[in-house]
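The block underneath contains the structure these notes are about, expressed in structure tokens.
The values are calculated or read from the model by the stated rules, or taken from the named source; none is laboratory data. What you see is a predicted model; the values in this text were computed from it and never measured. In this analysis, Cβ positions are derived from the backbone assuming ideal geometry, glycine residues included, and neighbour counts consider all displayed protein chains.
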Amino acid sequence: MKQPSVIPGFGLTLGFTLAYFSLIVFIPMIALGIRSAGLGFDGFWKAATDPRVLGALRVSFVTALIAAGVNVIFGTLIAWVLVRYRFPGRRIFDAVVDLPFALPTAVAGIALTAIYAPNGIVGQWFPFRIAYTPIGIVIAMIFIGLPFVVRTIQPILEEVSREVEEASATLGASRFQTITRVILPSLTPAILTGFALAFARGVGEYGSVIFIAGNIPFVSEIAPLLIYIRLQEFNYVGATVIAAVMLIISFAMLFFINLIQAWSRKRFGYGN
């Protein structure tokens, strides 16, 4: 006897989901792969290993990694403050965290450039340049990636009972031991997820970066900008190759992060 579906209309909704996923994600990825494969291995390798392409990829991925690492540290601290403390203006501060979600990226880029330019409000006080350098790129990526870390860790932290911390203190653990052996292990999957989201967002960021980057080849030129330049040159194959390389590297890094997440869930027993 056929068992009734738990969700009414499951077949229809599943079909719609698969069709939507195929149109938005799967088919474009296949088209990207087919277009790149048209060059052949030698042509693809030559285009992918072009010095300017390698320089742009290095800038994009290195700055995104640094920004995601910074966001993990400060995003965890911000989530901790928002969850564990009550203070005047907390709700406003909590809402401001989501500002990069709502703010157009071009507006964010212009604002950051105005602040950190050599004659900007903040930039003028530094003995070195911030805007128009990789440092500026990192700052822009930190700005747009921070909410991903905070909003990923915050709900998990709210579920961590204070009774566990009190029990740890009762058993003689120091505050540092409680944080490193009780709290952080429970947050590890969320921290890794936030890192992956912030990293992926940074790698693909364009609008907020191009204004503050300076866009100097081999110094501060990001891969998404180089894709745009190739398109402006009507070099569609070259743009496709860069996109394909970014896709492959991003998938590899996210796959590795997912393996770490799976290990942490199995090791600490969270998220199962």
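Residues checked against (1) of a type in the set (F, W, Y); (2) buried (at least 20 other Cβ atoms within 10 Å of the Cβ); (3) more than 18 Å from T49 (Cβ to Cβ):
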position	(1), (2), (3)
G214	no, no, yes
P217	no, no, no
A223	no, yes, no
G238	no, yes, no
I257	no, no, yes
I260	no, no, yes
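Among the residues making up the stretch 137-165, those that are among the small types (G, A, S) and within 19 Å of L99 (Cα to Cα) are A140, G145. Within the stretch 79-102, the residues that satisfy the criterion of being surrounded by fewer than 15 Cβ atoms within 10 Å (Cβ to Cβ) and assigned to a loop (DSSP other than H, G, I, E, B) are Y85, R86, F87, P88, G89, D98.
On the stretch given as the stretch 18-37, residues that are within 16 Å of Y236 (Cα to Cα) and surrounded by fewer than 11 Cβ atoms within 10 Å (Cβ to Cβ) total 1.
Residues being basic (K, R), touching a residue at least 12 places away in the same chain (Cβ under 8 Å) and closer than 17 Å to A213 by Cα: count how many of those fall in the stretch 17-75. Before the answer, list the steps.
Of all residues in the stretch 17-75, those basic (K, R) come to 35, 46, 52, 58.
Okay, now just the ones that are also touching a residue at least 12 places away in the same chain (Cβ under 8 Å), so 35, 52.
If we keep only those that are closer than 17 Å to A213 by Cα as well, we get 52.
Count: 1.
So, of the residues in the stretch 144-169 that are out of contact with any helix residue (DSSP H, G or I) (no Cβ under 6 Å at 6 or more places or on another chain) and within 30 Å of A108 (Cα to Cα), which turns out to be modelled with the lowest pLDDT? Result: P155. Here the stretch 113-139 is the region considered, the condition is being under 15 Å from G69 (Cβ atoms) and hydrophobic (A, V, I, L, M, F, W, C), and the residue that is surrounded by the most Cβ atoms within 10 Å (Cβ to Cβ) is I137.
Just give me the residues in the stretch 202-211 being in contact with a Gly (Cβ under 7 Å, 6 or more places away or on another chain) and either modelled with pLDDT of 90 or more or closer than 23 Å to D50 by Cα (or both), in sequence order.
We begin by selecting, within the stretch 202-211, every residue in contact with a Gly (Cβ under 7 Å, 6 or more places away or on another chain); these are 202, 207-211.
Within the stretch 202-211, G202, V209, I210 meet the criteria.
Return yes when G75 is of a type in the set (G, A, S), under 24 Å from V160 (Cβ atoms) and crowded, with 18+ Cβ neighbours inside 10 Å and no when it is not. Answer is yes for this residue.
Applying the selection to the stretch 116-152, what residues are farther than 16 Å from S220 by Cβ, of a type in the set (A, V, I, L, M, F, W, C) and part of a loop (DSSP other than H, G, I, E, B)? Once the filter is applied, which keeps residues that are farther than 16 Å from S220 by Cβ, of a type in the set (A, V, I, L, M, F, W, C) and part of a loop (DSSP other than H, G, I, E, B), the stretch 116-152 yields I121, V122, F126.
Working carefully through the options G15, G43, find the one that is in a helix (DSSP H, G or I), surrounded by 14 or more Cβ atoms within 10 Å (Cβ to Cβ) and at pLDDT 75 or above. Spell out how you get there, then give the answer.
Numbers: G15 fails: surrounded by 14 or more Cβ atoms within 10 Å (Cβ to Cβ).
Matching residue, one of G15, G43: G43.
Of the listed requirements (1) free of Cβ contacts under 8 Å to residues at least 60 places away in the same chain; (2) surrounded by fewer than 21 Cβ atoms within 10 Å (Cβ to Cβ); (3) within 21 Å of T76 (Cβ to Cβ), A167 misses just one: (3).
Would it be correct to say that A56 is under 27 Å from L225 (Cβ atoms) and either part of a loop (DSSP other than H, G, I, E, B) or modelled with pLDDT of 80 or more (or both)?
Working: under 27 Å from L225 (Cβ atoms): yes; either part of a loop (DSSP other than H, G, I, E, B) or modelled with pLDDT of 80 or more (or both): yes.
Answer is yes for this residue.
Tell me which residues, restricted to the stretch 39-66, are touching a Phe, Trp or Tyr at 6+ places or on another chain (Cβ under 8 Å) and closer than 15 Å to I222 by Cβ. Show your work before the answer.
Taking the stretch 39-66 first, the residues touching a Phe, Trp or Tyr at 6+ places or on another chain (Cβ under 8 Å) are 51-52, 55, 64-65.
Of everything in the stretch 39-66, those that are touching a Phe, Trp or Tyr at 6+ places or on another chain (Cβ under 8 Å) and closer than 15 Å to I222 by Cβ turn out to be R52, G55, A64, L65.
For G172, the test of being modelled with pLDDT of 90 or more, small (G, A, S) and either in a helix (DSSP H, G or I) or over 23 Å from the mean Cα position of the chain (by Cα) (or both) is failed. If you go through the stretch 201-235 and keep only what is free of Cβ contacts under 8 Å to residues at least 60 places away in the same chain and either in a helix (DSSP H, G or I) or of a type in the set (D, E) (or both), you end up with I227, Y228, I229, R230, L231, Q232, E233.
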